[in-house]
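The values are calculated or read from the model by the stated rules, or taken from the named source; none is laboratory data. From a predicted model like this one, the values you see are computed outputs, not experimental measurements. Cβ coordinates were reconstructed from backbone atoms using ideal geometry, including for glycine residues, and neighbour counts include every protein chain displayed.
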Amino acid sequence: MRRWTVVAPVLVSLGLAGCFERIVEPADVFGDVHRGETYSPASTMIDDWYAVEAIDAQTYAINEPKSSQYNTSYLLVGETRAVMFDAGSGERPAGSRSMREVAARYTGNKPITLILSHFHYDHIADAAAFDDVTLIDRPDIGAEITDGIYTIGPLESHAMDWRPLKVAGLIADGDVLDLGGRTLQVFNLPGHTTESVVLFDRHRNQVFTGDFVYRHLGGIIAFASGSDLTAYKENSTRLLHLTHADTLFFGAHGIPRFDRDWLALLDRALDTMVTGHATYRYVAHYLAPGMPWRVQQDGDLYIYTTPLVDPHLFWSKWALLLVATVSLLVFYSLFRIVRWSLTPIRVDRSGV
Ligand SMILES: [Zn+2]
């Protein structure tokens, strides 16, 4: 008889007991969003990858309906120049058009400024193809620009590679960009990430929100290393105050267009989280299935955040050190248990 016949059932029981409440299934992840709804019926497939909707004569939603997260970037054109808001998911097939080439199709020879809604991997793929990148003016970003190059690191982007950007300028929170006959006000709204940017065209009453708020793709992500629940709540309230009941909202994932009620729902849900009134479940999320995230659900809205403690503490170096130490101890203990279980039990028959 070997000890593993005793140890194995114990380990299996412990494993089952430690399982997450449940894995998030696609039906839950996508809520009431279905593939055909992730880009407007008014859009047209311009090739095998991109679906483009002319929201008006100078505003284009460029959707990637075959991407895993149904990304939408936006092209906002003025009389003298244009702004590209985000640079693609990075999932387009090799040899297909870059987001820069798609933008050029609608802007003629006008110069194009790229503004990134934030630095996550699924919004920056073709950023290096743009000669004019304007970043939000924050001390942590300005300090990292060397010889006109800002490099997005793997931790910021959640990707494997480093992304150098050609920075043409910085723009501060609240500043207005003049595109010639069209102005965009730029807001830095930390929450999803610190550098999250929202663009507001007051004249057209259009807001482009990136990942700060979108509808709906597995819910709102507030578990990233730059996420901050308190800032998220403050800035969702700020965006509510900046906008109106009839403002049109355009997000970067899922159904591109949504209304202010969805932002109001986000604001209420964040309020329950920061005031300690949230009822969390622990679930896995398809973007990071190995981790039991906390989720606060309010109707169709899911907000995912870090387990046990809020993001700023979860991602702090002390927490990472604690996790690394506990993991090492657990692995060492398991190693000892397995080695012990594989040792045959010696039965002393001398007295029989
Ligand atoms: Zn993101």
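Summary table
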{"item": "Selected residue [among the hydrophobic types (A, V, I, L, M, F, W, C) and modelled with pLDDT under 95] from A143, A172", "result": "A143"}
{"item": "Close pairs (8 angstrom Cβ cut-off, 6 or more residues apart or separate chains): without any contact (Cβ under 8 Å) to a residue 60 or more places away in the chain and part of a strand (DSSP E or B) in region 178-200, acidic (D, E) and within 16 Å of the ligand (Cβ to nearest atom) anywhere", "result": "N188/E195"}
{"item": "Residue within region 151-159 that is closer than 24 Å to I46 by Cα, in contact with a strand residue (DSSP E or B) (Cβ under 8 Å, 6 or more places away or on another chain), in a helix (DSSP H, G or I) and of a type outside the set (A, V, I, L, M) present", "result": "no"}
{"item": "Residues of region 215-256 classified as more than 14 Å from the ligand (Cβ to nearest atom), among the charged types (D, E, K, R) and under 18 Å from A269 (Cβ atoms), total", "result": "4"}
{"item": "Region 174-198, subset away from the ligand (no atom under 16 Å from the Cβ) and of a type in the set (A, V, I, L, M, F, W, C), residue farthest from S117 (Cα to Cα)", "result": "L179"}
{"item": "Region 201-210 - residue that is assigned to a strand (DSSP E or B), more than 12 Å from the ligand (Cβ to nearest atom) and not charged (D, E, K, R) and, of those, surrounded by the most Cβ atoms within 10 Å (Cβ to Cβ)", "result": "F208"}
{"item": "Number of the condition not met by V213 [criteria: (1) part of a loop (DSSP other than H, G, I, E, B); (2) surrounded by fewer than 24 Cβ atoms within 10 Å (Cβ to Cβ)]", "result": "(2)"}
{"item": "Whichever residue in region 127-136 is free of Cβ contacts under 8 Å to residues at least 40 places away in the same chain and out of contact with any Ser or Thr (no Cβ under 9 Å at 6 or more places or on another chain) and, among such residues, is farthest from the ligand (Cβ to nearest atom)", "result": "D131"}
{"item": "Among the residues listed as E101, E53, E144, E91, the single one being surrounded by fewer than 22 Cβ atoms within 10 Å (Cβ to Cβ) and under 20 Å from the mean Cα position of the chain (by Cα)", "result": "E91"}
{"item": "Cβ-Cβ under 7 Å pairs, at least 6 apart or on other chains, region 101-126 side more than 8 Å from the ligand (Cβ to nearest atom), far side basic (K, R)", "result": "K110/R81; P111/R81; T113/R81; I124/R163; D126/R100"}
{"item": "Boolean, A224 is in a loop (DSSP other than H, G, I, E, B) and either surrounded by 24 or more Cβ atoms within 10 Å (Cβ to Cβ) or in contact (Cβ under 8 Å) with a residue 12 or more places away in the chain (or both)", "result": "yes"}
{"item": "Residue among A61, A104, A87, A54 that alone is hydrophobic (A, V, I, L, M, F, W, C) and part of a helix (DSSP H, G or I)", "result": "A104"}
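Okay, residues lined up against (1) closer than 15 Å to I136 by Cβ; (2) among the charged types (D, E, K, R):
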{"residue": "R202", "(1), (2)": "no, yes"}
{"residue": "F208", "(1), (2)": "yes, no"}
{"residue": "R215", "(1), (2)": "no, yes"}
{"residue": "L240", "(1), (2)": "no, no"}
